[in-house]
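I have placed the structure first, in the form of structure tokens, so that the comments after it can refer back to it.
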Amino acid sequence: MKPELRDIVEPGSEEAELLARLDMDRLPRHVAVIMDGNGRWAAQRRRPRVFGHRQGLISVREVVETSARLGVGVLTLYAFSRENWKRPPREIETLMGLLVEYLRGEVKTLEENDIRFQAIGRPGDLPLPVQEELERATTSTRDNQGMIFNVALSYGSRTEIVDAANRLLARREAGELSGPITEDSFADELYTAGQPDPDLVIRTSGELRLSNFLLWQAAYAELHVTPTLWPDFRKRHLFAAIADFQGRDRRYGGLSEETS
Ligand code: FPP
């Protein structure tokens, strides 16, 4: 066990057992998470939806730190979609406030764990104070060499793809680009340029949808859907998702090793 993993699990616990079963040489390079179920978690407790979002921050902290210590290369969390702007203003305000609270409180932990933070999507749509906090966290973690932590904000995958196509068109018109567009040159225009594609997409709360999340990048991702609601998601759920991923036969449209 890597020394830094010792501090994240209680020896002899269920978590330690799950962790011991993971193959550390075959970790997903990029884990992407659709954090869902905050509202339902709160409703089950007869509390307002925002109570679920607040509790969801605990899961965010745990998943970020655990992923970094495990040695995952990239973690992407879907925090706010372009469609989420349709939610009531008070809920949006609370979510923005939580984001600021997280960033202010967590930069030190990001530093300690050598995590490079960045926002993907259209963070320019967010209120200015949130943008400033995002900028601060991005700048202060810019030189970190460990896990990349993407937070998808005002994110929509179709928008991302259309923006990429438009940028390529503009570059062609400016004479910067010649020849056909390739999958690689297209991927270089996405928010995740230079990062490995997600190997594992986790969705909490049992819904079987991608919800406009990383549609291009997740082309060959393994999907793990858990009924656990996001505020209840803890390291053991992450370990279980990775164990599920490691049990899959990834064929990329070819034949499995056993049958070829
Ligand atoms: C989905 O639950 C969750 C969200 C729309 C927001 C997720 C945001 C956080 C956990 C806080 C901020 C995040 C970071 C990265 C600091 P839902 O409200 O759609 O739940 P429901 O489907 O049960 O209604």
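Is it fair to say Val225 is open to solvent by 30 Å² or more (accessible area, probe 1.4 Å), more than 16 Å from the ligand (Cβ to nearest atom) and of a type in the set (A, V, I, L, M, F, W, C)?
Numbers: open to solvent by 30 Å² or more (accessible area, probe 1.4 Å): yes; more than 16 Å from the ligand (Cβ to nearest atom): no; of a type in the set (A, V, I, L, M, F, W, C): yes.
It is false that Val225 is open to solvent by 30 Å² or more (accessible area, probe 1.4 Å), more than 16 Å from the ligand (Cβ to nearest atom) and of a type in the set (A, V, I, L, M, F, W, C).
For region 154-173, state whether one or more residues are in contact with a Lys or Arg (Cβ under 8 Å, 6 or more places away or on another chain) and open to solvent by 40 Å² or more (accessible area, probe 1.4 Å).
Our first condition is that a residue be in contact with a Lys or Arg (Cβ under 8 Å, 6 or more places away or on another chain); within region 154-173, this holds for 154-156, 159.
Filter once more, keeping what is open to solvent by 40 Å² or more (accessible area, probe 1.4 Å): none.
Checking region 154-173: not a single residue is in contact with a Lys or Arg (Cβ under 8 Å, 6 or more places away or on another chain) and open to solvent by 40 Å² or more (accessible area, probe 1.4 Å).
Might you check whether a residue that is within 13 Å of the ligand (Cβ to nearest atom), crowded, with 23+ Cβ neighbours inside 10 Å and either more than 13 Å from the chain's Cα centre (by Cα) or not in a strand (DSSP E or B) (or both) occurs anywhere in region 204-220? Let's see the steps before the verdict.
From region 204-220, those within 13 Å of the ligand (Cβ to nearest atom) are 204-207, 209, 211-213; that's our starting set.
Next, only the ones that are crowded, with 23+ Cβ neighbours inside 10 Å stay: 204.
Cutting the leftovers down to either more than 13 Å from the chain's Cα centre (by Cα) or not in a strand (DSSP E or B) (or both) gives us none.
No, every residue in region 204-220 fails to be within 13 Å of the ligand (Cβ to nearest atom), crowded, with 23+ Cβ neighbours inside 10 Å and either more than 13 Å from the chain's Cα centre (by Cα) or not in a strand (DSSP E or B) (or both).
So Leu238 passes all but one of these: (1) open to solvent by less than 40 Å² (accessible area, probe 1.4 Å); (2) without any contact (Cβ under 8 Å) to a residue 12 or more places away in the chain. Which condition number does it fail?
Every condition holds for Leu238 apart from (2).
Among the residues of region 107-126, what is the count of those that are closer than 11 Å to Tyr155 by Cα and touching a Phe, Trp or Tyr at 6+ places or on another chain (Cβ under 6 Å)?
So the answer is 2.
Hey, can you tell me all the residues within region 130-168 that are of a type in the set (Val, Ile, Thr) and under 16 Å from the mean Cα position of the chain (by Cα)? Step through it out loud before you land on a result.
Going through region 130-168, the residues of a type in the set (Val, Ile, Thr) turn out to be 130, 138-139, 141, 148, 151, 159, 161-162.
Thr138, Ile148, Val151, listed by residue number.
List pairs: first in region 189-206 and more than 23 Å from Gly37 (Cα to Cα), second open to solvent by less than 30 Å² (accessible area, probe 1.4 Å) and assigned to a loop (DSSP other than H, G, I, E, B), Cβ under 6 Å, 6+ apart or cross-chain?
Close Cβ pairs satisfying both conditions: Thr192/Gln217; Asp197/Gln217.
All but one of (1) part of a helix (DSSP H, G or I); (2) more than 10 Å from the ligand (Cβ to nearest atom); (3) open to solvent by less than 40 Å² (accessible area, probe 1.4 Å) hold for Thr139; which doesn't?
Against the list (1) part of a helix (DSSP H, G or I); (2) more than 10 Å from the ligand (Cβ to nearest atom); (3) open to solvent by less than 40 Å² (accessible area, probe 1.4 Å), Thr139 comes up short only on (3).
The values are calculated or read from the model by the stated rules, or taken from the named source; none is laboratory data. Only a predicted model underlies this, so the values are computations on that prediction, with no experimental measurement involved. As a convention, Cβ positions derive from the backbone with ideal geometry for all residues, glycine included, and neighbour counts pool all protein chains shown. SASA here: full protein model, heavy atoms, side chains in, ligands and nucleic acids out. Shrake-Rupley method; radii C 1.70, N 1.55, O 1.52, S 1.80 Å.
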